[in-house]
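The values are calculated or read from the model by the stated rules, or taken from the named source; none is laboratory data. Quick caveat: nothing in here was measured; it's all calculated off a predicted structure. Neighbour counts are summed over all protein chains in view; Cβ atoms, including those assigned to glycine, are modelled from backbone coordinates with ideal geometry. Just so you know, the surface numbers come from the protein's heavy atoms only, side chains and all, with ligands and any DNA or RNA stripped out. Shrake-Rupley method; radii C 1.70, N 1.55, O 1.52, S 1.80 Å.
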Amino acid sequence: MPINPSDFTLVVHPGTSPEPVTGAIMTPIFQTSTFVQQAPGVHKGYDYSRADNPTREKLEHAFALLEKSRFGLSFASGLAAEQAIIQILEPGSTILVCEDVYGGTGRLFRRLFAKYGFDFRFVDMRNLDEIKSNINKNKTSMIWVETPTNPTLRIVDIKGVAAIAKENNALLVVDNTFSSPLFQAPLALGADIVVHSTTKYIGGHSDIIGGAVMLNSQELYEKLKFVQFAGGATPAPIECFLLLRSIMTLGVRMERHEKNAIKVAEFLEGHKNVRSVYFPGLKNHPQHDLAKSQMTGFSGMVSFDLKGDYSHVLAFLEKLKVFTLAESLGGVESLVNHPEKMTHASVPEDLRRKLGINSNLLRLSVGIESEEDLIADLDRALS
Ligand code: P1T
């Protein structure tokens, strides 16, 4: 499906302008921790890089452009961004969480924040009635959605959840990492806050760890800005520079990721050694119509169950040459991940079973290589 044509232009001009002193076309890396002051408190708008840094400022402006939001904030990782969002809530708050979030998100909530009295309730958000029956108007302060989900590629109806959130005075957060801002716009669908692991598609080259938060509310922005400044989980200037550079190619990369992923999913669907394929772009994905209604493209993530037992999985992984076995996703190179033993090992076992994260499940981050080479690689390993 198409990316909005104007977004190809937007990403190449992510709000940056030539540097005024030298005319450098690219935003310089202001690799400095501190800034000179003419008198105490008198300076050119920057005093200390944890508070503000010119390279980071440009990046945060670019983040806001990407999600068409009023504000953007950057963090040292996707999880640092998520942590900041929880930290704007009162201790003891109740939060409804989509049950199949990234394993690290679940770990952050269950093992770190639960210690501080937060009450996280994990529910199947494909079913809006489950959200309604678990929400408490006086207690639930936030609903946390990931869509498509990692690794089973389920879809959550953002508009539907936004209506429930509004009715109950709860904030709606959407982790938009799997779609990238070019294939899904949660704020336009009613979300209050969007979060990204910029380590993935926005970074796109598997060379940085980062996070982003985008939102429209001034009040929430100020709270998050305070957490960012007081907590200090900010990215280094060089990482801000690398992200600004990556954003310029986000359009062409996402178009190609999606094109290759569709081909890979169709190939896997027809293979005799594959039991099931999870990709929202396939017509027989149970939520294909919902995906089509809220996404402008299906992105580049494909999961599937291999037939056979774990020894077949190991043999398959060993034979792959183009796909590399590694955690993470969204880079230009194709990766394969075994969620049960890798990214989702921290998910409680009963929940893993319920979600279908078993030893036969594999997750592909389909890169931008040639489609023929990707399919030939899978074909060789599958046979
Ligand atoms: O790794 P980090 O930048 O902290 O981002 C965490 C994160 C948040 N949200 C989603 C949807 C994610 O997929 C991730 C990180 N995921 C992986 C490392 C992975 O391989 O799935």
Note to self: I need the full set of residues from region 298-322 which are closer than 26 Å to residue 184 by Cα and not small (Gly, Ala, Ser), in order please.
What the structure shows: 298, 301, 302, 304
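Yes/no per residue for (1) at pLDDT 95 or above; (2) under 25 Å from residue 96 (Cβ atoms); (3) assigned to a loop (DSSP other than H, G, I, E, B); (4) among the polar types (S, T, N, Q):
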| site | (1), (2), (3), (4) |
| --- | --- |
| 188 | yes, yes, yes, no |
| 203 | yes, no, yes, no |
| 230 | yes, no, no, no |
| 239 | yes, no, no, no |
| 255 | yes, no, no, no |
| 265 | yes, no, no, no |
Next item on the list: Tell me the helices (runs of 4 or more DSSP H) entirely within region 36-110 that contain at least 3 residues that are in the same structural domain as residue 21 (by TED's automatic domain parsing) and more than 20 Å from residue 234 (Cβ to Cβ).
Entry: 103-107
Next item on the list: Scan (1) open to solvent by 70 Å² or more (accessible area, probe 1.4 Å); (2) out of contact with any strand residue (DSSP E or B) (no Cβ under 6 Å at 6 or more places or on another chain); (3) not aromatic (Phe, Trp, Tyr) for the single condition residue 34 breaks and write down its number.
Entry: (2)
Item checked: Tally of residues being open to solvent by less than 10 Å² (accessible area, probe 1.4 Å), over 20 Å from residue 329 (Cα atoms) and either out of contact with any strand residue (DSSP E or B) (no Cβ under 8 Å at 6 or more places or on another chain) or in contact (Cβ under 8 Å) with a residue 40 or more places away in the chain (or both) across region 100-115 -> 0
Next item on the list: Return the only residue of 327, 318, 372 being within 16 Å of the ligand (Cβ to nearest atom) and surrounded by fewer than 23 Cβ atoms within 10 Å (Cβ to Cβ).
Entry: 327
Item checked: Selection from region 183-199 of residues that are touching a Ser or Thr at 6+ places or on another chain (Cβ under 8 Å), within 16 Å of the ligand (Cβ to nearest atom) and either of a type in the set (A, V, I, L, M, F, W, C) or outside the structural domain of residue 99 (by TED's automatic domain parsing) (or both) -> 183, 194, 195
Note to self: Quick check on my filter: what residues within region 353-369 are open to solvent by 30 Å² or more (accessible area, probe 1.4 Å) and either charged (D, E, K, R) or within 16 Å of the ligand (Cβ to nearest atom) (or both)?
What the structure shows: 353, 354, 369
Item checked: Output for region 314-326, where each listed residue is under 25 Å from residue 206 (Cβ atoms), out of contact with any helix residue (DSSP H, G or I) (no Cβ under 6 Å at 6 or more places or on another chain) and part of a helix (DSSP H, G or I) -> 314, 317, 318
Check: Taking region 274-313 only, how many residues are open to solvent by less than 50 Å² (accessible area, probe 1.4 Å) and part of a loop (DSSP other than H, G, I, E, B)?
Finding: 12
Margin query: For region 145-158, check the following and say yes or no: at least one residue is in a strand (DSSP E or B) and within 16 Å of the ligand (Cβ to nearest atom).
Written below: yes
Notebook entry, point to check: Restricting to region 237-249, what's the tally of residues that are more than 20 Å from the chain's Cα centre (by Cα) and surrounded by fewer than 21 Cβ atoms within 10 Å (Cβ to Cβ)?
Noted result: 1
Next item on the list: Go through the residues of region 165-179 one by one and say whether even a single one is over 19 Å from the mean Cα position of the chain (by Cα), farther than 20 Å from residue 85 by Cα and more than 16 Å from the ligand (Cβ to nearest atom).
Entry: yes
Notebook entry, point to check: Hey, among the residues in region 200-212 that are surrounded by 24 or more Cβ atoms within 10 Å (Cβ to Cβ) and near the ligand (Cβ under 9 Å from one of its atoms), which one's farthest from residue 143 (Cα to Cα)?
Noted result: 203
Next item on the list: Scan region 119-136 and report the pairs whose first residue is over 14 Å from residue 168 (Cα atoms) and whose second residue is assigned to a helix (DSSP H, G or I) and of a type in the set (Asp, Glu), with Cβ atoms within less than 8 Å and a gap of 6+ or a chain change.
Entry: 123/130; 124/130
Note to self: I'd like to check something: does region 173-191 contain any residue that is open to solvent by 50 Å² or more (accessible area, probe 1.4 Å) and within 26 Å of residue 282 (Cα to Cα)?
What the structure shows: yes
Item checked: Per-region count, region 84-114, residues within 14 Å of the chain's Cα centre (by Cα) and among the polar types (S, T, N, Q) -> 1
Next item on the list: Return the total of residues in region 73-83 being open to solvent by 10 Å² or more (accessible area, probe 1.4 Å) and more than 9 Å from the ligand (Cβ to nearest atom).
Entry: 1
